[in-house]
Every structure is written in C-alpha cells, then in structure tokens.
Amino acid sequence: MRKVEDRLFKIHRYFLQRESAFFQQLFKLPQSEGSEEGTTDGQPILLGSSMQVTLKEMEAFLNFVYYGYVHRSPAPPPPA
C-alpha cells in the first residue's frame, strides 16, 4: 500500500523492487517490532512531503513499472 495525495495505491512489492533501487533498499530496512506499515488500507506506507511525489508522477511511475511505458500527453500549444 502506498498513499500519495490522499489516494491509496495497492502495489505489488515485486514490481517496485524490480524497477527501483530506492525500493530495493527500502524493503531491506528492518521493520520495527509490531509494525504493520504497508499491510492494510489503514496502515499504508506514506510518501510524505519530503519525497515530493505528486499523484501524476506516481501514476506515471506505476505505468512504467507495470507496463514498461509512460503515457505522455501532447504538449500544450505555445501561447499566441
């Protein structure tokens, strides 16, 4: 479970570890005894303001992790 901008994402750990050295290291860190962070909707792993991850960035990251691509919207036309 990951929570970004009050949106909860249920993500397979395998994909995060496969594609991201950051998450590989994160999952190697020891958990505090009795910690259930990331195991239920009520105990998500929060990506706080120090990580500065937006909802749009998280969705793009997950598209890459799961499907191998990032959908890019066409650039808006330049101002007239």
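All of the numbers you see were taken from the coordinates with simple rules; none came from a lab. It should be emphasised that the depicted structure is a prediction, and the values quoted were computed from it without experimental measurement.
Remarks
- Qualifying aspartates and glutamates (Cα of each under 14 Å from Cα of Lys10; at least 8 residues distant if same chain): Glu37, Asp41, Glu59
- Candidate aspartates and glutamates for bridging to Lys56, where Cα separation is under 14 Å - those fewer than 8 sequence places away on the same chain excluded: Glu5, Asp6
- Stokes-Einstein diffusion of the range 1-42 at 37 °C, 0.692 mPa s viscosity, Kirkwood radius from Cα pairs, rounded to a whole number: 287 µm²/s.
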